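The values are calculated or read from the model by the stated rules, or taken from the named source; none is laboratory data. It should be emphasised that the depicted structure is a prediction, and the values quoted were computed from it without experimental measurement. Note that each Cβ is placed from the backbone with ideal geometry, even for glycine, and that neighbours are counted across all protein chains shown. Side chains are part of the model used for accessible areas, which takes the heavy atoms of the whole protein and leaves out ligands, DNA and RNA. Shrake-Rupley method; radii C 1.70, N 1.55, O 1.52, S 1.80 Å.
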Amino acid sequence: MALSMYNHHHHNNNNQREPSSTSLKQQQQQQQQMDTSKYVRYTPEQVEALERVYIECPKPSSLRRQQLVRECPILSNIEPKQIKVWFQNRRCREKQRTEASRLQTVNRKLTAMNKLLMEENDRLQKQVSQFVYENGYMKTQLTNASAVTTDTSCESVVTSGQRQQQQNPTLHPPRDANNPAGLLAIAEETLTQFLAKATGTAVDWVQMLGMKPGPDSIGIVAVSHNCSGVAARACGLVSLEPMKVAEILKDRPSWFHDCRSLEILSVQPTGNGGTIELIYMQTYAPTTLVSARDYWTLRYTTGLEDGSLVICERSLTPSNGGSGGPPAPSFVRAEMLSSGYLIRPCDGGGSMIHIVDHVNLDAWSVPEVLRPLYESPKILAQKMTIAALRYIRQISQEMSGEIRHSGGRQPAVLRTFSQRLCRGFNDAVNGFADDGWSVLGSDGVEDVTIAINSSSSKLPCSQGNSSTMLSILGGGVVCAKASMLLKNVPPALLVRFLREHRSEWADYGVDAYAAASMKSSPYSIPGARPSNFSSNFPSSHVVIPLAHTLENEEALEVVRLESRGFSQDGVLSRDMYLLQLCSGVDENAAGSCAQLVFAPIDESFPDDAPLLPSGFRVIPLEPKTVGSSPNLFLLVFFSSLSLMLTDVCLMFQDSRTASRTLDLASTLEAGAGGSRPSSDDNNELKSVLTIAFQFTYENHSRDDVIAMARQYVRSIVGSVQRVAMAISPSRLNSTLGPKTLAGSPEAVTLARWISRSYRFHTGMELLLSDPQASGDSLLKSLWHHSDAIMCCSMKSNASPVFTFANQAGLDLLETTLVALQDIMLDKVLDETGRKTLCSEFSKIMHQGYSQLPAGICVSSMGRPVSYDQAIAWKVLDDDGTNHCLAFMFMNWSFV
């Protein structure tokens with residue numbers, strides 16, 4: 001019985017164990033299936049097939065993955081879900097590799113920059129030590145001079161010996177630039193002097209403000225202080241090899257816009273593997289008031305023991321054993337002191353560059369008022385030193401694929417367009433006789449210079465595939481140009497106004513004539529009018545960006561002039577297009593030249609499209625005040641800008657005009673006579689404005705085109721003078737005076753009204769600052785508010801126009817405080833926004849405010865802007881009366 005019970009129990013236990021073993025096997029099989037579904041081992045052929053698809057489409061859709069499985073038999077055993085996981089992992093690995101590569105690049109840049117800064121620190125320490133030694137020596141000399149009261153014959157001998165030693169430095173054997181040994185001696189001396197400037201203390205360098213070193217900055221830039229001539233120095237990092245950098249720097253016309261020509265007259269190899277080149281270079285004059293410069297130089301290229309590459313250059317003069325070539329007409333011979341480029345390879349790739357430019361531009365040959373053009377090292381730094389470094393960095397980024405331009409154009413093509421625009425404008429400003437230019441007599445008023453060019457190389461038909469009729473009927477090009485001196489007019493601000501508000505100075509009929517002259521269809525010449533030119537047909541312009549440099553200091557764009565009228569034959573006129581180059585609009589770039597150059601083009605302009613550039617150039621004649629910002633300054637005085645193009649027209653006739661826009665003849669005569677400017681003049685910002693416009697003509701219409709060009713440039717000069725009067729800070733200061741203008745409250749008062757009215761109507765605070773804070777604090781909080789805040793007028797008999805905007809509001813409208821009052825509210829809101837505002841207007845008047853829904857508005861440049869919400873409220877003055885209407889656009893962004 002017991003045995004029977006044991007067997008039964010044992011049998012039951014066996015029955016219980018068997019299902020357990022089966023269940024375990026099933027679980028293992030399921031786990032293996034799950035593991036197989038999770039982790040798929042791909043064959044090399046499968047990976048290759050997936051990689052091919054990944055290159056074409058990194059993120060395929062579900063249908064594309066299913067199609068891939070059907071089309072590739074080797075992937076038939078893999079589920080589409082697993083293929084999706086493979087693509088996810090592949091994108092993740094690509095992102096990780098990209099980030100790792102970026103971090104390695106940043107690390108290499110930081111390492112190289114650290115090395116550069118340490119070297120710069122060592123150089124500065126040497127300079128400090130030298131200053132300390134010189135200071136101690138001077139103190140000793142002064143002490144000895146005060147202590148000696150008797151016989152000084154011995155001191156005289158010592159002093160005489162020191163003076164003789166200073167005046168007669170170490171004598172070098174006679175050198176003759178006509179034989180190889182003499183050239184090599186000059187080249188080696190040039191190399192020594194250049195290295196002493198680039199890495200030593202041969203020149204007292206002062207760092208330019210705003211040039212902060214860093215891995216993404218342009219580098220360290222310094223200018224000379226109390227040295228012969230003017231000099232600038234820069235050092236930076238680029239991701240190009242030294243040989244490529246040297247090739248770019250030697251091609252000076254490609255990056256130095258003022259270089260007219262560079263001719264290598266002879267090349268001589270040296271025993272150490274280097275080369276000596278004799279070069280003749282011509283440069284353009286920056287304005288019509290001075291002569292161009294040329295150089296006769298020796299350029300020495302060699303390598304150093306540490307693997308660095310050096311390109312140094314200096315002028316050949318009788319004082320250093322050389323002899324320059326014969327003088328060229330229309331040019332003044334300038335001297336290039338020891339300058340050049342030190343290119344050192346960096347660990348891990350790339351180069352470290354030291355650039356030194358040191359020239360003597362013979363400033364005494366120009367009128368005194370224009371001498372800062374040739375005496376300012378900051379202008380030299382912007383034109384040559386920084387320009388070279390920026391160009392190399394631009395090429396480096398383009399070669400690495402980090403920069404992609406719009407419009408489907410290659411970067412080299414867009415750079416060529418920029419170079420052609422600059423070169424064409426410089427040719428027009430200078431008007432060299434060897435290019436075929438000849439100056440015509442004036443009509444009795446020496447304000448506008450007229451030059452003509454009938455050479456075949458200047459005709460548009462010779463520059464490209466233009467089908468112009470000039471080659472058949474005969475003709476040429478007329479250039480009308482003028483220059484004027486301005487006071488207290490920020491160059492960047494003036495050029496930005498000219499760019500953004502073309503209708504204030506341009507004439508539609510003249511634009512149409514210039515555009516039609518580049519085509520086969522002629523356009524009649526606009527008739528001369530005694531008054532200022534104004535648009536014959538209402539039009540607007542839209543800016544289409546093409547390319548810009550790394551730091552946005554130069555922008556290439558297409559301007560579409562939208563026509564809304566009819567041409568002279570009654571046909572609806574078509575839109576016109578301009579290729580435009582704008583540069584130097586950064587107010588904080590000391591010594592920077594602001595320029596706006598444009599040329600009419602066809603709608604689908606080819607790469608070799610003919611260009612006939614015209615435009616404006618404004619060059620500062622004095623260093624800018626450190627830290628000054630025209631926008632912040634104009635903010636304080638924004639209320640007086642309502643007088644800009646109205647009251648200024650009346651004030652322009654009084655005697656104060658001479659203090660804003662100087663008459664060229666009287667100013668240059670005073671400068672030539674050697675009279676010194678007053679102390680008040682020394683504290684003012686001066687700049688020289690150059691205007692040049694080019695038009696084609698046929699032989700039978702030459703006189704009419706000349707008359708049209710002369711009158712058109714005169715009208716532009718008048719428009720620019722009025723604008724300059726309006727945006728001059730001293731004009732604003734003198735207009736405001738100590739009293740507040742009636743109806744135009746100061747910025748501080750308006751900021752208080754805006755904040756107080758918002759709190760009164762909505763019950764909430766607009767600004768985070770204390771309501772009892774000072775007016776200046778309130779104004780700064782309003783100016784730097786993250787949302788776009790704007791005010792517009794409340795006139796029943798006129799369309800509302802904007803009278804104020806904070807920095808975010810100016811960014812939304814893409815305008816400046818000066819040009820703000822040209823923008824009407826109904827032009828900014830779209831149709832839906834205008835309807836909403838009309839329906840809510842009565843609520844705003846009774847309740848004091850209204851919340852507007854999300855929508856779209858348009859900037860002054862025609863770009864759509866989206867915003868999540870807007871609030872409109874009445875701004876009340878101290879008497880409780882309506883002053884203006886305020887808007888706040890929240891979370892806005894360009895579409």
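Placing Glu277, Glu99 in order of accessible area, with the largest value first and a 1.4 Å probe, yields Glu99, Glu277.
Met888 contributes about 10 Å² of solvent-accessible surface, heavy atoms of the protein only, 1.4 Å probe.
If you roll a 1.4 Å probe over the heavy atoms of the protein chains, what accessible area per residue do you get for the stretch 230-370, in Å²? Each residue of the stretch 230-370 exposes 35 Å² on average to a 1.4 Å probe.
Ordered by solvent-accessible area of protein heavy atoms (1.4 Å probe), largest first, the residues Cys593, Cys791 come out as Cys593, Cys791.
Using a 1.4 angstrom probe on heavy atoms only, work out the carbon and sulfur share of the accessible area of the stretch 59-135 in %.
Percent of accessible area from carbon and sulfur atoms in the stretch 59-135: 55.
Beyond 28 Å in Cα-Cα separation lie the following of the pairs Lys250/Lys378; Lys250/Lys686; Lys109/Lys250; Lys197/Lys244; Lys383/Lys487: Lys250/Lys686. Packing-based ranking of 359-370, 834-845, 685-696 yields 685-696, 359-370, 834-845, ordered from highest to lowest mean Cβ neighbour count within 10 Å.
Remark on the stretch 328-399: ratio of C-alpha radius of gyration to 2.2 N^0.38 Å is 1.44.
Annotation: average projected area of the stretch 747-895 is 8.3 square nanometres, based on the convex hull of Cα atoms across all directions. Going by the alpha-carbon gyration tensor, a ≥ b ≥ c the square roots of its eigenvalues, is the stretch 311-455 rounded (a/c under 1.5) or, if a/c is not under 1.5, prolate (a/b greater than b/c) versus oblate? Because a/c hits 1.5 or more and a/b fails to exceed b/c, the stretch 311-455 counts as oblate. Rounded to a whole number, what % of the accessible area of the stretch 775-895 do carbon and sulfur atoms account for, probe 1.4 Å? Taking all protein chains in place, the stretch 775-895 shows 49 percent carbon and sulfur surface.
Orientation-averaged projection of the stretch 222-345 equals 9.4 nm² [convex hull of Cα atoms, one quarter of hull surface area].
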